[in-house]
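Reading through the structure tokens given below for one structure.
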Amino acid sequence: GENVEQHPSTLSVQEGDSAVIKCTYSDSASNYFPWYKQELGKGPQLIIDIRSNVGEKKDQRIAVTLNKTAKHFSLHITETQPEDSAVYFCAASRTGAGSYQLTFGKGTKLSVIP
Amino acid sequence: DARVTQTPRHKVTEMGQEVTMRCQPILGHNTVFWYRQTMMQGLELLAYFRNRAPLDDSGMPKDRFSAEMPDATLATLKIQPSEPRDSAVYFCASGLGQGRPQHFGDGTRLSIL
């Protein structure tokens, strides 16, 4: 089955700096890669996703890059703000018929220091 | 915004008791997932349904856990009998399947004493 590794497990940055979280996956057939943000006491919320037919996707201060050859993808947050502090999860899945399961990384706790 | 609704938000009970957690998926979503989150194991998939039919429950301890979808607006996860090691946050998520986003509820925090 799929295995997703996520690094680092914790990350502290100064407000205004950039944060980068990296994930690797093992199943070469995976082609859907979402990122989730989980705040304290809440469920994970989708913040951005990417499919294997593109190498990069941006949404305001958030961007995700994908390298299918190396089987890794990354989340980039620019101009970080205190409200970006949360746990971030990457995930991977296939998209063929019968493929419904997401495999999650272990999470990265991001702290943005004002 | 449409949301996945989970009840109860918190549950504290003694070991051996039956626990039932409920989930109302987003209207129109045909795939429902149950996850368990702990510090040690992270997010673990327990079971999931498509069009109310169970597709995979290999992540669940079969002797004590059961998951059902009595109708399209309700999914349940039951533990009987409960044990202290079942203490965790249980999340329900719904989606449209096949590599589409999953939308999570805010979970049920379960403590078994």
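What follows is calculated from the coordinates using simple rules that are stated; it is not laboratory data. Since the model is a prediction, treat every value here as computed from it, not as a measurement. Methodologically, a virtual Cβ is constructed for each residue, glycine included, from the backbone with ideal geometry; neighbour enumeration extends over all protein chains shown.
Just so you know, in the stretch B:73-111 the residues that are crowded, with 21+ Cβ neighbours inside 10 Å, in contact with a His (Cβ under 7 Å, 6 or more places away or on another chain) and not hydroxyl-bearing (S, T, Y) include one that is farthest from B:G28 (Cα to Cα), and it is B:A93.
Residue pairs whose Cβ atoms lie under 7 Å apart, sitting 6 or more positions apart in sequence or on different chains, and linking a residue in the stretch A:46-59 that is within 13 Å of chain B (Cβ to nearest Cβ) to a partner that is of a type outside the set (S, T, Y) and not in a strand (DSSP E or B), are A:L46/B:P101; A:D49/B:P101; A:R51/A:N31; A:S52/A:N31; A:S52/A:K68.
The single condition among (1) in contact with a strand residue (DSSP E or B) (Cβ under 8 Å, 6 or more places away or on another chain); (2) within 28 Å of B:T108 (Cα to Cα); (3) of a type in the set (G, A, S) that A:G41 does not meet is (1). Can B:V4 be described as under 14 Å from the mean Cα position of the chain (by Cα) and more than 21 Å from A:K106 (Cα to Cα)? Judged against the criteria, B:V4 is a match.
Considering only the stretch A:5-38, how many residues are more than 10 Å from chain B (Cβ to nearest Cβ) and either touching a residue at least 60 places away in the same chain (Cβ under 8 Å) or part of a loop (DSSP other than H, G, I, E, B) (or both)? The total comes to 21. Being within 16 Å of B:Q24 (Cβ to Cβ) and polar (S, T, N, Q) is a property that B:S94 has. Scanning the stretch B:71-91 turns up no residue that is more than 14 Å from the chain's Cα centre (by Cα), within 13 Å of chain A (Cβ to nearest Cβ) and not small (G, A, S). If you go through the stretch A:44-61 and pick out every residue that is farther than 14 Å from A:N31 by Cβ and not in a strand (DSSP E or B), you end up with 3. If you go through the stretch A:62-114 and keep only what is in a loop (DSSP other than H, G, I, E, B) and more than 14 Å from chain B (Cβ to nearest Cβ), you end up with A:K68, A:T69, A:A70, A:K71, A:T78, A:E79, A:T80, A:Q81, A:S85, A:P114.
Go through the stretch B:48-89 and give me each residue that's among the small types (G, A, S) and within 15 Å of B:T20 (Cα to Cα).
B:S66, B:A67, B:A75, B:S82, B:S87, B:A88
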